[in-house]
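Visitor: Here it is, the structure, as structure tokens.
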Amino acid sequence: MTVTPAAATPIVRLENVGKRYGKVVSLKEVTLEIGPNEIVGLIGDNGAGKSTLIKVLTGVEPPTSGTLYVRGQRIDAASYSVKEAHKLRIETVYQDSSLGEKQPLWRNFFVGRPLTNRLGFIDVKAEKRVADQIMRSTIGFRGVGISVDTPVSRLSGGERQGVAIGRAMHFDSDLIVLDEPTVALALKEVQKVLDFIRSIKAGGRSCIYIEHNIHHVHEVCDRLVVMDRGEVALDAPTSSMTYIELTDFLMSLHSRRPAAGASH
């Protein structure tokens, strides 16, 4: 048994977590850790259990069994929620980042969590100042024609993901979950998002990167976690596998699955 040093206490740990929906088993005794300052690629076919795992981890749904720890502290599944996850500095950025199309960037950074002055009113000047700092320092927005007053509708898909990631980083998240942020983006936009993901680690934070494009995962992740039929089929450092070896492993999983309609 390996003892984890205190300095390396995982941000989150799932221990023997299971999740059922009636007779359907979505997670089977999953044990997984996400450590500080690492990018973890979460891979798996549709139905592999990725989405359910993230829902449990981020407080969307409670596990049927097992235990969740955040920074070593056991979490009460009955009271754990998305709001509690936010308090524990865990943020999720979904494919649809829910940005206000007609609103300027600075307003989008503070939706639901405004900066206020001593009288409790929204401090517009402070929000614009902080938004500008996030754009330039945190996510590196230095493009001509983009300012805090630029409406979201003028941004490209990759830039919109950058806004959502920058917002999560501003709220001091230790762990940012990215749900397929490069879906339907052109290659140039994908590279922008990959750079944003690298900035998460550069900022001392951790990230779970859910992605179907294996090449992108292998390019930016420190660790690879492969889900298959509700279980963790692989948990290994990216450096231990080449892209070809990872592809071969995924193909071998696919070949071992029963054919549709086959008896069990």
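Visitor: From the list Gly47, Gly41, exactly one residue is at pLDDT below 95 and farther than 19 Å from Val82 by Cβ. Which is it?
Guide: Sole residue among the options that is at pLDDT below 95 and farther than 19 Å from Val82 by Cβ: Gly47.
Visitor: Looking at (1) open to solvent by 10 Å² or more (accessible area, probe 1.4 Å); (2) within 19 Å of Arg89 (Cα to Cα); (3) in contact (Cβ under 8 Å) with a residue 40 or more places away in the chain, which one does Ala202 not meet, given that it meets all the others?
Guide: Looking at each condition in turn, Ala202 falls short on (3).
Visitor: Okay, next question. Just one of Val183, Val193, Val220, Val225 is under 25 Å from Val93 (Cβ atoms), of a type outside the set (Phe, Trp, Tyr) and open to solvent by 60 Å² or more (accessible area, probe 1.4 Å); which is it?
Guide: Details: Val193 fails: open to solvent by 60 Å² or more (accessible area, probe 1.4 Å); Val220 fails: open to solvent by 60 Å² or more (accessible area, probe 1.4 Å); Val225 fails: open to solvent by 60 Å² or more (accessible area, probe 1.4 Å).
None of the other options fit; the residue is Val183.
Visitor: Hey, another quick one. Which of the residues spanning the range 37-52 are part of a loop (DSSP other than H, G, I, E, B) and either of a type in the set (Phe, Trp, Tyr) or crowded, with 19+ Cβ neighbours inside 10 Å (or both)?
Guide: Correct list: Glu38, Gly44, Ala48, Gly49.
Visitor: Only residues that are open to solvent by less than 30 Å² (accessible area, probe 1.4 Å) and in contact (Cβ under 8 Å) with a residue 60 or more places away in the chain: list them for the range 53-82, please.
Guide: Across the range 53-82, the qualifying residues are Leu53, Ile54, Leu57, Thr58.
Visitor: So which of Gly18, Gly100 is surrounded by fewer than 20 Cβ atoms within 10 Å (Cβ to Cβ), assigned to a strand (DSSP E or B), in contact with a Lys or Arg (Cβ under 9 Å, 6 or more places away or on another chain) and not charged (D, E, K, R)?
Guide: Details: Gly100 fails: assigned to a strand (DSSP E or B).
Exactly one residue qualifies, and that residue is Gly18.
Visitor: Let me ask something else. Against the definition (farther than 26 Å from Val217 by Cα, touching a Ser or Thr at 6+ places or on another chain (Cβ under 6 Å) and crowded, with 20+ Cβ neighbours inside 10 Å), how does Leu175 come out, yes or no? Step through it out loud before you land on a result.
Guide: Working: farther than 26 Å from Val217 by Cα: no; touching a Ser or Thr at 6+ places or on another chain (Cβ under 6 Å): yes; crowded, with 20+ Cβ neighbours inside 10 Å: yes.
No; evaluated as a whole, the condition is false for this residue.
Visitor: Could we say that Gly140 is within 20 Å of the chain's Cα centre (by Cα), surrounded by 13 or more Cβ atoms within 10 Å (Cβ to Cβ) and at pLDDT 90 or above here?
Guide: Values: within 20 Å of the chain's Cα centre (by Cα): yes; surrounded by 13 or more Cβ atoms within 10 Å (Cβ to Cβ): yes; at pLDDT 90 or above: no.
No; evaluated as a whole, the condition is false for this residue.
Visitor: Suppose the filter is touching a helix residue (DSSP H, G or I) at 6+ places or on another chain (Cβ under 6 Å), farther than 11 Å from Ile43 by Cα and of a type outside the set (Val, Ile, Thr); does Phe249 pass it?
Guide: No, not satisfied.
Visitor: Separate question: Can you spot a residue in the range 74-97 that is in contact with a Lys or Arg (Cβ under 7 Å, 6 or more places away or on another chain) and under 14 Å from Ala168 (Cβ atoms)?
Guide: Checking the range 74-97: at least one residue is in contact with a Lys or Arg (Cβ under 7 Å, 6 or more places away or on another chain) and under 14 Å from Ala168 (Cβ atoms).
Visitor: Scanning for something over 19 Å from the mean Cα position of the chain (by Cα) and either aromatic (Phe, Trp, Tyr) or modelled with pLDDT under 95 (or both), does the range 239-246 turn up at least one residue?
Guide: yes
Visitor: Strands (runs of 3 or more DSSP E) wholly in the range 146-264 with at least 2 residues that are under 27 Å from Lys102 (Cβ atoms) and of a type outside the set (Lys, Arg) - which ones?
Guide: 175-179
Visitor: Okay, moving on. Can you tell me which of Val217, Val190 is β-branched (Val, Ile, Thr) and out of contact with any strand residue (DSSP E or B) (no Cβ under 6 Å at 6 or more places or on another chain)? It would help to see each step written out before you state the result.
Guide: On the way: Val217 fails: out of contact with any strand residue (DSSP E or B) (no Cβ under 6 Å at 6 or more places or on another chain).
Just one listed residue meets the conditions, Val190.
The values are calculated or read from the model by the stated rules, or taken from the named source; none is laboratory data. Predicted, not measured: the structure shown is a model, and the values here were computed from it. As a convention, Cβ positions derive from the backbone with ideal geometry for all residues, glycine included, and neighbour counts pool all protein chains shown. Please note that ligands, DNA and RNA were not included when accessible areas were found on the heavy atoms of the full protein model with its side chains. Shrake-Rupley method; radii C 1.70, N 1.55, O 1.52, S 1.80 Å.
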